[in-house]
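Q: Quick one: structure below, then a few questions.
The values are calculated or read from the model by the stated rules, or taken from the named source; none is laboratory data. Bear in mind that the values here come from a model prediction, so they are computed numbers and not experimental data. Backbone-built Cβ (ideal geometry, glycine too); neighbour counts: all protein chains shown. What goes into the accessible areas is simple: the full protein's heavy atoms, side chains included, and nothing from ligands, DNA or RNA. Shrake-Rupley method; radii C 1.70, N 1.55, O 1.52, S 1.80 Å.
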Amino acid sequence: EAAGMRVLHENDQNCYHTTSFGTGQLIADALDQGAKQVILGIGGSATNDCGVGMAAALGYRFLDKKGKELIPIGKNLIEIRYIVEEKVDPRIREVEFLVACDVTNPLYGPDGAAYVYGPQKGASDEEVELLDQGLRHMARLIRSHFGFEVHNLSGAGAAGGMGAGAMVFLNAELSSGVELVKQMISFDDKAKGADWIITGEGKLDSQTLSGKTILGVLSSAHVNGSLLAALCGRISMSDARKEM
């Protein structure tokens, strides 16, 4: 919600300019309240900042080639030359961070955060290309600063690169969002013996097959021998049953 599309007016939805700073503020508040485990749900974001906004709220600083601190937005990723950690909140090293992530996209490239999700978040074709360049640059910077290769990690491109940012800045573990939720609510135990399982999704399309909720429910239905009914606001698959 803190960095979500639906909290913005349509005219303000452009991931070239938005930030995940609010997510970092929520994490800081959780730390103030003594949280020892934080679960981040990173779907539906309005951002493409590789999590630098979230990190900035927790004390990370991102500087350009002249040593000037940059505003942590997608537009400025390409300008970051230095990551400064001296003021990072030390409490984040004492907390377990679990990230509920429902997609498997890499950080950049044709299947990455900018090209797949940028247009949905208000970015123009030119801005999408620049955002992708920024994510490529961040991958190189992360590799040189942290010694961590993030690009091809499953889910690195989730929520505009927040998947990669959470792994790097929070030492977080990425989990399938639906599998994490299923585990938390003992879904498979509740589904045993069911003839039908009914689920829903706003739009059934190719992204559904990248790990979204409906696919996780389908896996449980297969294990249990249950039939699955999916209520969808929109279907854009020629033959959804065949593709799934």
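Q: Can you spot a residue in region 4-18 that is over 30 Å from E201 (Cβ atoms) and either among the basic types (K, R) or out of contact with any Asp or Glu (no Cβ under 6 Å at 6 or more places or on another chain) (or both)? Walk me through how you get there before you give the answer.
A: Filtering region 4-18 for residues over 30 Å from E201 (Cβ atoms) gives none.
No, region 4-18 has no match at all.
Q: Next up: Can you tell me which of N152, N171 is within 22 Å of the chain's Cα centre (by Cα) and on the phi > 0 side of the Ramachandran plot?
A: Matching residue, one of N152, N171: N171.
Q: From the list E96, E79, E1, which one is open to solvent by 80 Å² or more (accessible area, probe 1.4 Å), free of Cβ contacts under 8 Å to residues at least 24 places away in the same chain and over 19 Å from M138 (Cβ atoms)?
A: On inspection, the qualifying residue turns out to be E1.
Q: Give the residue that is farthest from I39 (Cα to Cα), with candidates limited to residues of region 157-174 that are in a loop (DSSP other than H, G, I, E, B) and either at pLDDT below 95 or open to solvent by 10 Å² or more (accessible area, probe 1.4 Å) (or both).
A: Checked region 157-174; the qualifying residue farthest from I39 (Cα to Cα) is N171.
Q: Pick out the one residue from L40, L31 that is on the phi < 0 side of the Ramachandran plot, open to solvent by less than 80 Å² (accessible area, probe 1.4 Å), assigned to a strand (DSSP E or B) and not small (G, A, S). Working first, answer last.
A: Values: L31 fails: assigned to a strand (DSSP E or B).
That would be L40, the only listed residue that is on the phi < 0 side of the Ramachandran plot, open to solvent by less than 80 Å² (accessible area, probe 1.4 Å), assigned to a strand (DSSP E or B) and not small (G, A, S).
Q: Further, regarding this structure: Quick one: V181 ticks every box in (1) in contact with a strand residue (DSSP E or B) (Cβ under 8 Å, 6 or more places away or on another chain); (2) open to solvent by less than 70 Å² (accessible area, probe 1.4 Å) except a single one, so which number is it?
A: (2)
Q: Continuing with this model, one more query. Of all residues in region 175-214, which are among the basic types (K, R), at pLDDT 85 or above and within 28 Å of M162 (Cβ to Cβ)? Show your work before the answer.
A: The initial filter retains those residues of region 175-214 that are among the basic types (K, R), namely 182, 190, 192, 203, 212.
So of that shortlist, the ones also at pLDDT 85 or above come out as 182, 190, 192.
Selection gives K182 alone.
Q: Exactly one condition in (1) within 28 Å of A55 (Cα to Cα); (2) open to solvent by less than 50 Å² (accessible area, probe 1.4 Å); (3) of a type outside the set (A, V, I, L, M, F, W, C); (4) touching an Asp or Glu at 6+ places or on another chain (Cβ under 8 Å) is false for R143; which is it?
A: Of (1) within 28 Å of A55 (Cα to Cα); (2) open to solvent by less than 50 Å² (accessible area, probe 1.4 Å); (3) of a type outside the set (A, V, I, L, M, F, W, C); (4) touching an Asp or Glu at 6+ places or on another chain (Cβ under 8 Å), only one is false for R143: (2).
Q: Read through the list (1) under 18 Å from A172 (Cβ atoms); (2) in contact with a strand residue (DSSP E or B) (Cβ under 6 Å, 6 or more places away or on another chain); (3) aliphatic (A, V, I, L, M); (4) buried (at least 18 other Cβ atoms within 10 Å of the Cβ), then give the number of the only condition that M54 fails.
A: In the conditions (1) under 18 Å from A172 (Cβ atoms); (2) in contact with a strand residue (DSSP E or B) (Cβ under 6 Å, 6 or more places away or on another chain); (3) aliphatic (A, V, I, L, M); (4) buried (at least 18 other Cβ atoms within 10 Å of the Cβ), M54 misses (2) alone.
Q: Return the residues of region 5-28 that are surrounded by fewer than 18 Cβ atoms within 10 Å (Cβ to Cβ), under 18 Å from the mean Cα position of the chain (by Cα) and more than 21 Å from G134 (Cβ to Cβ); say none if nothing qualifies.
A: R6, V7, Q25, L26
Q: In addition: Look through G109, G118 and report the one residue that is at pLDDT 95 or above, on the phi > 0 side of the Ramachandran plot and open to solvent by less than 20 Å² (accessible area, probe 1.4 Å).
A: It is G109.
Q: Evaluate the following for H151: is it open to solvent by less than 70 Å² (accessible area, probe 1.4 Å) and of a type outside the set (A, V, I, L, M)?
A: Judged against the criteria, H151 is a match.
Q: While we're here: Output the qualifying pairs, or none if there are none: Cβ atoms under 8 angstrom, residues six or more apart or on different chains, first residue in region 43-62 and touching a residue at least 12 places away in the same chain (Cβ under 8 Å) and under 9 Å from I73 (Cα atoms), second residue part of a loop (DSSP other than H, G, I, E, B) and aromatic (F, W, Y).
A: N48/Y16; V52/Y60
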